[in-house]
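Notes follow once the structure below has been shown.
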Amino acid sequence: MRSFIVPALVLSAFLFSACAQTPPRLRGEFVAIGPSQASSGKFNGTSVRWGGIVTGMRAIDSGSCIEVSAFPLNRWTSRPIRLPSDAYTHPDEIRPMYYSPGGKFDSPPRFLACGNQIEDKSLYHVGAVVTATGAVAEPFVFETEFTSCLQNLPLRRGQPDYAGTVHVARDRMCAVSLPILRIAQVQAWAEPPSTARHVE
């Protein structure tokens, strides 16, 4: 009886790994930097793979973009993980902290994913969970209210959370720098967020 258990476990692990893989179009060689690092403008041209929750749309000089609250990616599938349960329906009514490997709760940084691949609003809507690959471009810098920039201040209902990508805070205003990802490939995930602990 025991001799059948081991092959069955091996077969189950193989089938799981075969099903749970990064989609081919999202595969490749990417630099392990996050949006917070790229918001400085020092990594322009770098190939990255980022993902998270779509929190809105933005039109900038070079085209239309989705604004994304970035979350870690599952190591095997490249799906964003550690997403709050109500992120789909209320992406800007909560401060969606996640537990980081450093042992603290972090406010996710944001980035802009830009390209004509996001024109289908039925897929790339507010609350959608996405993963995108592409090259980092010059950050989009703007000012916003003080209360949407600092992690120790409560957000008002519907107010965006830019605490993860703020650069300067003074005179009750903040300068936010959102890195731009020029989309090479993008995927909207129909499945619920992964709860796996393994991240890139």
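Details
- Gained length - A184 relative to T144, 0.36 nm times residue gap less alpha-carbon distance: 11.5 nm
- In this calculation the C-beta distance from R172 to K42 is compared with R0 = 30 Å, giving a FRET efficiency of 0.60.
- Here each label is just a point 7 Å from Cα along the line to Cβ, and for N116 and A135 those points are 1.8 nm apart.
FYI, it's all coordinate maths here, none of it is from the lab. Note that the coordinates shown come from a computational prediction; the quantities given were computed from them, not determined experimentally. Note: ideal-geometry Cβ built from the backbone for every residue, glycine included; neighbour counts use all protein chains shown.
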